[in-house]
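**Student:** Take this structure first; my questions come after.
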Amino acid sequence: MIGVLISPGKFFDNLDNFGYKIVAAVAFLSAVPSALTQYLIISNMLHLFPPEIRPILQISSVFGIVISFIVTFILILVVAGIVHLISGFFGGEGEFVRTATVAGYGMIPSIILSYIQVGIFLYTLNQYGGFNSPQELIGFITDQTRITSNVILSVAGAFWSVAVMSSGISKIRKIQYSKALISCLIPFLLYLGYLIYGIYSIKSLENLKTLSAL
(Lines give C-alpha, C1' and ligand atoms only; values in the text may rest on other atoms or scores of the structure.)
Protein backbone atom coordinates (compact mmCIF):
# COMPACT_ATOMS: atom_id res chain seq x y z
CA MET A 1 0.00 0.00 0.00
CA ILE A 2 2.89 2.37 0.76
CA GLY A 3 3.99 1.98 -2.85
CA VAL A 4 1.02 3.97 -4.14
CA LEU A 5 2.27 6.97 -2.14
CA ILE A 6 5.99 6.92 -2.90
CA SER A 7 6.03 5.33 -6.36
CA PRO A 8 2.53 5.42 -7.87
CA GLY A 9 3.71 4.76 -11.43
CA LYS A 10 5.37 1.49 -10.46
CA PHE A 11 2.47 0.58 -8.17
CA PHE A 12 -0.14 0.91 -10.92
CA ASP A 13 2.12 -0.85 -13.43
CA ASN A 14 1.95 -3.94 -11.23
CA LEU A 15 -1.69 -3.58 -10.17
CA ASP A 16 -3.79 -6.49 -11.39
CA ASN A 17 -6.59 -6.61 -8.81
CA PHE A 18 -9.50 -4.28 -9.60
CA GLY A 19 -12.84 -3.97 -7.85
CA TYR A 20 -15.04 -1.87 -5.61
CA LYS A 21 -13.61 -3.31 -2.38
CA ILE A 22 -10.82 -0.73 -2.37
CA VAL A 23 -13.41 2.02 -2.89
CA ALA A 24 -15.41 0.73 0.09
CA ALA A 25 -12.28 0.40 2.25
CA VAL A 26 -11.12 3.91 1.42
CA ALA A 27 -14.62 5.29 2.04
CA PHE A 28 -14.67 3.67 5.47
CA LEU A 29 -11.22 4.99 6.39
CA SER A 30 -12.32 8.43 5.23
CA ALA A 31 -15.51 8.24 7.31
CA VAL A 32 -13.67 7.60 10.58
CA PRO A 33 -12.13 11.10 11.06
CA SER A 34 -15.36 13.00 10.42
CA ALA A 35 -17.39 10.60 12.57
CA LEU A 36 -14.82 10.82 15.38
CA THR A 37 -14.86 14.62 15.22
CA GLN A 38 -18.65 14.63 15.41
CA TYR A 39 -18.64 12.19 18.33
CA LEU A 40 -16.12 14.24 20.32
CA ILE A 41 -18.01 17.49 19.79
CA ILE A 42 -21.29 15.90 20.86
CA SER A 43 -19.65 14.25 23.87
CA ASN A 44 -18.28 17.59 25.06
CA MET A 45 -21.59 19.39 24.69
CA LEU A 46 -24.00 16.79 26.12
CA HIS A 47 -24.17 18.54 29.48
CA LEU A 48 -25.58 21.62 27.76
CA PHE A 49 -28.76 19.74 26.81
CA PRO A 50 -31.65 18.31 28.86
CA PRO A 51 -31.12 14.66 29.98
CA GLU A 52 -33.95 13.36 27.78
CA ILE A 53 -32.24 14.65 24.62
CA ARG A 54 -28.76 13.29 25.36
CA PRO A 55 -29.38 9.66 24.25
CA ILE A 56 -30.66 10.92 20.88
CA LEU A 57 -27.52 12.99 20.37
CA GLN A 58 -25.31 10.03 21.26
CA ILE A 59 -27.12 7.77 18.80
CA SER A 60 -26.83 10.39 16.05
CA SER A 61 -23.05 10.46 16.51
CA VAL A 62 -22.94 6.69 15.94
CA PHE A 63 -24.93 7.00 12.72
CA GLY A 64 -22.49 9.70 11.60
CA ILE A 65 -19.92 7.15 10.47
CA VAL A 66 -22.55 5.31 8.38
CA ILE A 67 -23.71 8.50 6.66
CA SER A 68 -20.13 9.65 6.09
CA PHE A 69 -19.22 6.25 4.60
CA ILE A 70 -22.14 6.34 2.15
CA VAL A 71 -21.43 9.94 1.12
CA THR A 72 -17.71 9.28 0.60
CA PHE A 73 -18.36 6.05 -1.33
CA ILE A 74 -20.69 7.90 -3.69
CA LEU A 75 -18.26 10.82 -3.96
CA ILE A 76 -15.42 8.53 -5.06
CA LEU A 77 -17.64 6.95 -7.70
CA VAL A 78 -18.72 10.38 -8.94
CA VAL A 79 -15.09 11.52 -9.19
CA ALA A 80 -14.24 8.26 -10.97
CA GLY A 81 -17.14 8.78 -13.36
CA ILE A 82 -15.97 12.27 -14.31
CA VAL A 83 -12.37 11.10 -14.71
CA HIS A 84 -13.50 8.11 -16.77
CA LEU A 85 -15.57 10.35 -19.04
CA ILE A 86 -12.87 12.99 -19.60
CA SER A 87 -10.08 10.44 -20.07
CA GLY A 88 -12.36 8.65 -22.55
CA PHE A 89 -12.33 11.78 -24.73
CA PHE A 90 -8.54 11.49 -24.72
CA GLY A 91 -8.72 7.91 -25.96
CA GLY A 92 -8.66 6.16 -22.59
CA GLU A 93 -9.25 2.42 -22.58
CA GLY A 94 -10.67 -0.02 -20.05
CA GLU A 95 -13.74 -0.56 -17.89
CA PHE A 96 -15.15 1.84 -15.31
CA VAL A 97 -14.28 -0.48 -12.42
CA ARG A 98 -10.58 0.03 -13.22
CA THR A 99 -10.97 3.80 -13.08
CA ALA A 100 -12.93 3.51 -9.82
CA THR A 101 -10.16 1.39 -8.32
CA VAL A 102 -7.57 4.01 -9.25
CA ALA A 103 -9.81 6.74 -7.81
CA GLY A 104 -10.02 4.78 -4.56
CA TYR A 105 -6.26 4.49 -4.29
CA GLY A 106 -5.92 8.13 -5.31
CA MET A 107 -7.94 9.28 -2.31
CA ILE A 108 -5.47 7.73 0.15
CA PRO A 109 -3.23 10.86 0.44
CA SER A 110 -6.25 13.01 1.30
CA ILE A 111 -7.30 10.48 3.93
CA ILE A 112 -3.84 10.46 5.51
CA LEU A 113 -3.93 14.23 5.90
CA SER A 114 -7.49 14.06 7.26
CA TYR A 115 -6.13 12.00 10.17
CA ILE A 116 -3.57 14.73 10.77
CA GLN A 117 -6.49 17.17 10.89
CA VAL A 118 -8.12 14.98 13.54
CA GLY A 119 -4.89 15.08 15.53
CA ILE A 120 -4.91 18.88 15.41
CA PHE A 121 -8.58 18.84 16.39
CA LEU A 122 -7.90 16.60 19.40
CA TYR A 123 -5.03 18.84 20.51
CA THR A 124 -7.05 22.05 20.27
CA LEU A 125 -10.04 20.39 21.93
CA ASN A 126 -7.83 19.34 24.83
CA GLN A 127 -6.40 22.85 25.08
CA TYR A 128 -9.89 24.33 25.05
CA GLY A 129 -10.96 22.22 28.04
CA GLY A 130 -14.64 21.66 27.22
CA PHE A 131 -17.66 23.85 26.58
CA ASN A 132 -19.68 25.55 29.28
CA SER A 133 -22.01 27.41 26.92
CA PRO A 134 -23.19 27.36 23.28
CA GLN A 135 -21.08 30.47 22.67
CA GLU A 136 -17.92 28.59 23.68
CA LEU A 137 -18.82 25.71 21.35
CA ILE A 138 -19.39 28.08 18.42
CA GLY A 139 -16.16 29.87 19.25
CA PHE A 140 -14.25 26.59 19.09
CA ILE A 141 -15.84 25.51 15.81
CA THR A 142 -15.18 28.88 14.15
CA ASP A 143 -11.60 29.25 15.39
CA GLN A 144 -9.73 30.92 12.51
CA THR A 145 -6.39 29.18 13.12
CA ARG A 146 -7.92 25.71 13.02
CA ILE A 147 -10.01 26.55 9.95
CA THR A 148 -6.93 27.82 8.11
CA SER A 149 -4.93 24.69 8.98
CA ASN A 150 -7.82 22.55 7.69
CA VAL A 151 -7.82 24.45 4.40
CA ILE A 152 -4.05 24.08 3.98
CA LEU A 153 -4.15 20.35 4.67
CA SER A 154 -7.19 19.88 2.43
CA VAL A 155 -5.48 21.64 -0.47
CA ALA A 156 -2.27 19.67 0.05
CA GLY A 157 -4.19 16.40 0.24
CA ALA A 158 -6.20 17.19 -2.90
CA PHE A 159 -3.15 17.91 -5.05
CA TRP A 160 -1.27 14.91 -3.66
CA SER A 161 -4.28 12.78 -4.58
CA VAL A 162 -4.33 14.29 -8.06
CA ALA A 163 -0.67 13.37 -8.56
CA VAL A 164 -1.27 9.77 -7.46
CA MET A 165 -4.47 9.37 -9.43
CA SER A 166 -3.00 10.90 -12.58
CA SER A 167 -0.20 8.32 -12.54
CA GLY A 168 -2.77 5.57 -12.18
CA ILE A 169 -5.08 6.85 -14.91
CA SER A 170 -2.14 7.28 -17.27
CA LYS A 171 -1.12 3.65 -16.74
CA ILE A 172 -4.55 2.03 -16.51
CA ARG A 173 -6.28 4.01 -19.24
CA LYS A 174 -3.17 4.03 -21.47
CA ILE A 175 -3.04 7.78 -22.13
CA GLN A 176 -0.34 10.43 -21.75
CA TYR A 177 0.30 11.70 -18.23
CA SER A 178 -0.62 15.28 -19.22
CA LYS A 179 -4.03 14.09 -20.43
CA ALA A 180 -4.49 12.00 -17.31
CA LEU A 181 -3.60 15.03 -15.19
CA ILE A 182 -6.27 17.14 -16.90
CA SER A 183 -8.81 14.33 -16.45
CA CYS A 184 -8.12 14.15 -12.70
CA LEU A 185 -7.58 17.84 -12.03
CA ILE A 186 -11.03 18.99 -13.17
CA PRO A 187 -13.14 16.99 -10.68
CA PHE A 188 -10.67 17.62 -7.87
CA LEU A 189 -10.77 21.37 -8.42
CA LEU A 190 -14.55 21.20 -8.19
CA TYR A 191 -14.30 19.05 -5.05
CA LEU A 192 -11.66 21.33 -3.55
CA GLY A 193 -13.77 24.43 -4.20
CA TYR A 194 -16.74 22.77 -2.50
CA LEU A 195 -14.57 21.65 0.42
CA ILE A 196 -13.06 25.08 1.02
CA TYR A 197 -16.49 26.69 0.71
CA GLY A 198 -17.81 24.26 3.30
CA ILE A 199 -14.94 24.95 5.68
CA TYR A 200 -15.23 28.71 5.48
CA SER A 201 -19.03 28.64 5.62
CA ILE A 202 -18.55 27.51 9.21
CA LYS A 203 -17.52 31.09 9.91
CA SER A 204 -21.19 32.06 9.46
CA LEU A 205 -21.82 30.37 12.81
CA GLU A 206 -20.20 33.40 14.42
CA ASN A 207 -23.46 35.22 13.73
CA LEU A 208 -25.23 32.67 15.93
CA LYS A 209 -22.65 33.29 18.64
CA THR A 210 -23.43 36.99 18.53
CA LEU A 211 -27.19 36.45 18.57
CA SER A 212 -27.06 33.92 21.41
CA ALA A 213 -25.06 36.36 23.50
CA LEU A 214 -27.80 38.99 23.24
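The values are calculated or read from the model by the stated rules, or taken from the named source; none is laboratory data. For clarity, every value in this text was computed on a predicted model and none was experimentally measured. Note that each Cβ is placed from the backbone with ideal geometry, even for glycine, and that neighbours are counted across all protein chains shown.
**Student:** Which of (1) within 19 Å of residue 80 (Cβ to Cβ); (2) modelled with pLDDT under 75; (3) of a type outside the set (S, T, N, Q) is the odd one out, the single condition residue 31 does not satisfy?
**Tutor:** (2)
**Student:** While we're looking at this one, here's another question. What about residue 92, is it surrounded by fewer than 18 Cβ atoms within 10 Å (Cβ to Cβ) and either closer than 27 Å to residue 182 by Cα or among the polar types (S, T, N, Q) (or both)?
**Tutor:** No.
**Student:** Give the residue that is surrounded by the most Cβ atoms within 10 Å (Cβ to Cβ), with candidates limited to residues of region 1-52 that are among the polar types (S, T, N, Q) and within 22 Å of residue 75 (Cβ to Cβ).
**Tutor:** Here the residue is 30.
**Student:** If a residue counts only when it is under 12 Å from the mean Cα position of the chain (by Cα) and in contact (Cβ under 8 Å) with a residue 12 or more places away in the chain, which helices (runs of 4 or more DSSP H) contained entirely in region 64-142 have at least 3 such residues?
**Tutor:** Counting at least 3 such residues, we get 108-128.
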